[in-house]
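To keep things clear, I will list the structure first and then write my remarks on it.
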Amino acid sequence: MSALLTAERLELAYGEISACRDVSFHVDVGEIVTLIGANGAGKSTTLRAIAGALLPRTGAIRFRGEDITRLPSYERTGLGISLVPEGRHVFPFLTVRENLELGAFKYRKDGAKVHGLMGKIFDMFPRLHERARQKAGTLSGGEQQMLALGRAMMSEPHLICLDEPSLGLAPLVVQDIFRTIKAINAAGTSVLLVEQNARYALETASRGYVLQTGSIVASGNCATLRNDDRVRQAYLCEALTRTPRSGLSRSSAGSAHPGGGRRLHPRVPSTPRSPACGSPSSSIACSASAASPRPSGRRRARRWVRADAHHHGP
Ligand SMILES: Nc1ncnc2c1ncn2[C@@H]1O[C@H](COP(=O)(O)OP(=O)(O)OP(=O)(O)O)[C@@H](O)[C@H]1O
Ligand SMILES: [Mg+2]
């Protein structure tokens, strides 16, 4: 397969604050590739760089062989890169139809084309069709996510970058969203999927990269990553527990998040991050401690995964 997008040794920073170091990955034509990691790992920062909202300090981004590192966002959209940002960011006071029209900005002089694209989006999301005249701000969270996806698809992208599409959605809606992502991919669009819901992400994508405090610490095909002890313990919340009869066995812990994968850290911006939250000062990711009701004293089995574990390389 040929590479569609290549990120080479990106160093990303906000002013003096470094967010990502030496980040390299690629997405081949037709692939779904996922970037997973805890809060503050640098997932959104990486997507911002791909979409052109953040200029890398060093490194390069190539799209279909062309160096786009310094290309402005709107030109990247023209080339076929589309971003669905974290939190969706639909225009609340515009209708569903108007939001979709904005997604087709590059075809604004071709009314028939926009009309045709809108028809395709309405076929994919009948719910949006029903609500075409409704203000986007009055839609449910799931409907807004569908609108954000639909708006991105209106530019007929070769690559769609999704930042946490499952964020804050009910389990059934999350399943719908991931089904839709697969359908979008099956119809020919490559996908770069950023997720905290590692279980769904690793089931949906073919390859993945694990980002931890700004660096890629593991990568590979998703089946391999799902069996990686560090990924299992830190992101799938599975623990190896010792039982009296059978010795070591695998148990699944904490499935508070849809799909059984536990969202590592709830989104409460005012809540200070725990040491396990992937904060820059922390070199550890989540443990399996949220398993069943908290055992007391020595029986409390905590397993931390160190960030300095081996780097598999892309
Ligand atoms: N606008 C900004 N200015 C300064 N620092 C920022 C800014 N945005 C993000 N950061 C920092 O960059 C690092 C990576 O943040 P980023 O938002 O990319 O993480 P993330 O993996 O997307 O996390 P989350 O899962 O919470 O969305 C964090 O340490 C964060 O505090
Ligand atoms: Mg983010």
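The values are calculated or read from the model by the stated rules, or taken from the named source; none is laboratory data. Predicted model only: the values in this text are computed from it and were never measured. Ideal geometry is used to build each Cβ from the backbone, glycine not excepted, and the neighbour counts take in all protein chains shown.
Some observations on this one:
- Residue among GLY168, GLY188 that alone is away from ligand 1 (no atom under 16 Å from the Cβ) and in a loop (DSSP other than H, G, I, E, B): GLY188
- Selection of first residues in region 39-65 that are within 23 Å of GLN196 (Cβ to Cβ) and in contact (Cβ under 8 Å) with a residue 24 or more places away in the chain and of second residues that are among the basic types (Lys, Arg) and more than 10 Å from ligand 1 (Cβ to nearest atom), restricted to Cβ pairs under 7 Å at least 6 apart or on distinct chains, gives the following pairs, ordered by first then second residue: ALA51/ARG76.
- LEU167 meets all of the listed conditions (1) out of contact with any helix residue (DSSP H, G or I) (no Cβ under 8 Å at 6 or more places or on another chain); (2) hydrophobic (A, V, I, L, M, F, W, C); (3) more than 16 Å from ligand 2 (Cβ to nearest atom) but one, namely (3).
- Residues that are more than 16 Å from ligand 2 (Cβ to nearest atom), more than 23 Å from ASN221 (Cβ to Cβ), modelled with pLDDT under 95 and loosely packed, with under 15 Cβ neighbours inside 10 Å do not occur anywhere in region 180-195.
- Hey, ALA104 exposed (fewer than 15 other Cβ atoms within 10 Å of the Cβ) and modelled with pLDDT under 95 or not: no
- Residues that are out of contact with any helix residue (DSSP H, G or I) (no Cβ under 7 Å at 6 or more places or on another chain), of a type in the set (Asp, Glu) and buried (at least 21 other Cβ atoms within 10 Å of the Cβ), drawn from region 121-164: GLU164
- Under the condition of being more than 15 Å from ligand 1 (Cβ to nearest atom), within 16 Å of LEU162 (Cβ to Cβ) and not in a loop (DSSP other than H, G, I, E, B), the residues counted in region 21-53 number 3.
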